[in-house]
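A short worksheet on the structure shown next.
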Amino acid sequence: GAAAFADDAQEHVLIYGATTEISGDFAPSDWWTNNATDNMLRKFTNDYSTVVSDQGGAFVINETVAESVEGAMNEDGTKTYTVKVKDGLVFNNGEPITIKDFVWATAFSCSSVASEVGAKLTGYLTYVGGQEYYDGEAETITGLRILDDNTIQVSIVADKVPYYFDLLYAQFTAFSMKYWLGENVDVKDDGNGVYFEGLTKENIEGQLEYARFNAGEDRVSAGPYNLVEFDQASKQATLVINENYAG
């Protein structure tokens, strides 16, 4: 790619040329499609993760987002992480980020509804109780817990640990549940693990489709930049600085 500063008439504008075309699918991570430029845009616009990579490529705790991340091995060979997130974080539109906004995408990866809408998510193979929830044999994901308004606990199945990069298992990223799944879906924990209310293909597919491809100013995200425009014909995306970013 190549980067160039625009002329004085467009002060503070940076034009970046990439050899890989933008797909126009702006879903989290690689839920449906992914390429290098898509990934770059996602990192610019979705940056509130509890674990991130530093400039040297090592995975570290993101001190902007996480108060603490603690891991402990269990006698049965599983590993449990307890993640505390900080207060006061907001999305680009100023709405407060809640613990549910950090949890729902992980829980979604354990739901068969994700497969029904074509998402390539296999979190159910990683989290204790995920397979049972995916198969409809359990009402909750026992290894994923919301302990309080700031604390998530997650247990990893024994055959996934030890793992050199296992800190990634404690990575939770803030995505607006309301923006991605709509008003009729909630994620809860009554003491036995996380579960969804109202999560059906019919309830979410319209909002999910809109959220994936929307590049308008109503797009809800949490990163240093906001994606505000995408021209499908020219494959050109426009981003502006997110004034609500705590970075």
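The values are calculated or read from the model by the stated rules, or taken from the named source; none is laboratory data. This is a predicted model, so every value here is computed, not measured. Heads up, the Cβs are rebuilt from the backbone with ideal geometry, glycines too, and the neighbour counts pull from every protein chain shown. We work out accessible area using only protein heavy atoms, side chains counted, and drop any ligands, DNA or RNA first. Shrake-Rupley method; radii C 1.70, N 1.55, O 1.52, S 1.80 Å.
Return the residues of the stretch 98-119 that are open to solvent by less than 10 Å² (accessible area, probe 1.4 Å) and either part of a helix (DSSP H, G or I) or free of Cβ contacts under 8 Å to residues at least 12 places away in the same chain (or both); say none if nothing qualifies.
Phe102, Val103, Trp104, Ala107, Phe108, Ala114
Would you pick out the residues in the stretch 13-63 that are in a loop (DSSP other than H, G, I, E, B), open to solvent by less than 50 Å² (accessible area, probe 1.4 Å) and either hydroxyl-bearing (Ser, Thr, Tyr) or in contact (Cβ under 8 Å) with a residue 40 or more places away in the chain (or both)?
Those that are in a loop (DSSP other than H, G, I, E, B), open to solvent by less than 50 Å² (accessible area, probe 1.4 Å) and either hydroxyl-bearing (Ser, Thr, Tyr) or in contact (Cβ under 8 Å) with a residue 40 or more places away in the chain (or both): Ile22, Ser23, Gly24, Asp25, Phe26, Ala27, Pro28, Trp31, Trp32, Asp47, Tyr48, Thr50.
Restricting attention to the stretch 79-91, which residues are touching a helix residue (DSSP H, G or I) at 6+ places or on another chain (Cβ under 8 Å) and open to solvent by 20 Å² or more (accessible area, probe 1.4 Å)?
Passing the criteria: only Lys79.
Could you figure out which of (1) farther than 27 Å from Gly182 by Cβ; (2) without any contact (Cβ under 8 Å) to a residue 40 or more places away in the chain; (3) part of a loop (DSSP other than H, G, I, E, B); (4) not hydroxyl-bearing (Ser, Thr, Tyr) isn't true of Gly77?
Going through (1) farther than 27 Å from Gly182 by Cβ; (2) without any contact (Cβ under 8 Å) to a residue 40 or more places away in the chain; (3) part of a loop (DSSP other than H, G, I, E, B); (4) not hydroxyl-bearing (Ser, Thr, Tyr) one by one, Gly77 breaks only (2).
Residues Tyr163, Tyr169, Tyr134: which one is of a type outside the set (Val, Ile, Thr) and closer than 13 Å to Thr80 by Cβ?
Tyr169
Quick check on the stretch 64-74: of everything there that is assigned to a strand (DSSP E or B) and touching a Phe, Trp or Tyr at 6+ places or on another chain (Cβ under 9 Å), which residue is least open to solvent (accessible area, probe 1.4 Å)?
Residue satisfying both the conditions and the ranking: Ala66.
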